[in-house]
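A short reminder: the numbers here are calculations on the coordinates, not readings from a lab. These figures come from a predicted structure and were not determined experimentally.
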């Protein structure tokens, strides 16, 4: 059964893949974006319309989601402009709150939320705490059927994880000093994340559930960087920095434009991004990453 679906954050890495899948399945998509040029590449998809939503305020979302059957919130940031957590709170909690209010106001029965593995109101970083705060809000709602997805780091063409390291390795001669190299990840393929989300639209047993999403293999960050170097054609000698030097590197890189690594990232990395109890998603990193890192 096809649905009218509103998507927040649909112009990003995961959102682009999700929009293509939903369009192929025949759903009608209202992509709500702060900037219209963020969704230019998707505007040619059938049954997809792009709508300007500059603030994602409760009023804007209520107006733009009328007659929708589903609202999907994909909005997330890895770093904020400041350091006090207000940017994370605005992006992760306030927008979720506004989206939920829009669902209630417009009697939208279904909502999907993309969160993060180990999101927790008592987590070690602003990122994880703000994601956890949003989850707590959704878990207390009884008026909307909500499903939350909690992935480890997501990979695929256009990702900001492996591609970022590939770029850094390309311009790093010989030795690559790496903070938090022993942190562990279970990278999950973007296609598997999209499968989980789209499948849940027809699964009533997914209502009021949270799903951890991890790939079939676990790697340390050092192993991931080494593999990225190999697959991208820029192998380097990767040295894991001890804790104090890792923290110092985070403090320094936090001052660099784009924040390749921030203190909040450093705190998030104190927890391994590995699932506790779930059936791993099937697609391995090695089977996909070489197709886009080698270009």
Legend entry - Hull volume in cubic angstrom per residue (convex hull over the Cα atoms of region 207-295): 159 Å³
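Looking at region 141-295 only, what percent of DSSP beta bridges run antiparallel? Nearest 5 please. The partial results should precede the final answer.
Working: 2 of 14 bridges.
Just about 15 percent of them are antiparallel.
Have a look at the DSSP beta bridges in the chain and tell me what percent are antiparallel, nearest 5. Walk me through the intermediate numbers first.
On the way: 2 of 37 bridges.
Roughly 5 percent of the DSSP beta bridges within the chain come out antiparallel.
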Inset, instruction - Distance between Cα centroids, region 27-100 to region 185-247: provide it in whole Å. - result: 24 Å
Inset, instruction - Report, to the nearest 10°, how far helix 95-105 tilts away from the longest principal axis of the Cα atoms in the chain, using its own Cα long axis and a range of 0 to 90°. - result: 20 degrees
Legend entry - Quotient of Cα Rg and 2.2 N^0.38 Å for region 75-197, N being how many residues it contains: 1.23
Inset, instruction - For the chain, find the longest principal axis of its Cα atoms and tell me its angle to the long axis of helix 190-200, 0 to 90°, nearest 10. - result: 30 degrees
Inset, instruction - Using only Cα atoms, tell me the angle between helix 243-253 and the longest principal axis of the chain; keep it within 0 to 90° and round to the nearest 10. - result: 60 degrees
Legend entry - Rg and Dmax [Cα atoms of the chain; Å; Rg one decimal, Dmax integer]: 19.0, 58
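222 nm [θ] for the chain, helices only, -39500 (n - 2.57) per DSSP H run of 4+, per residue, to 500? Don't skip to the end; give the middle numbers.
Details: 10 runs with 101 residues, N = 295.
Helix-only estimate at 222 nm: -10000 deg cm²/dmol.
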Inset, instruction - Over the alpha-carbon set of region 1-139, divide Rg by the Kirkwood Rh and report the Rg/Rh ratio to two decimals. - result: 0.96
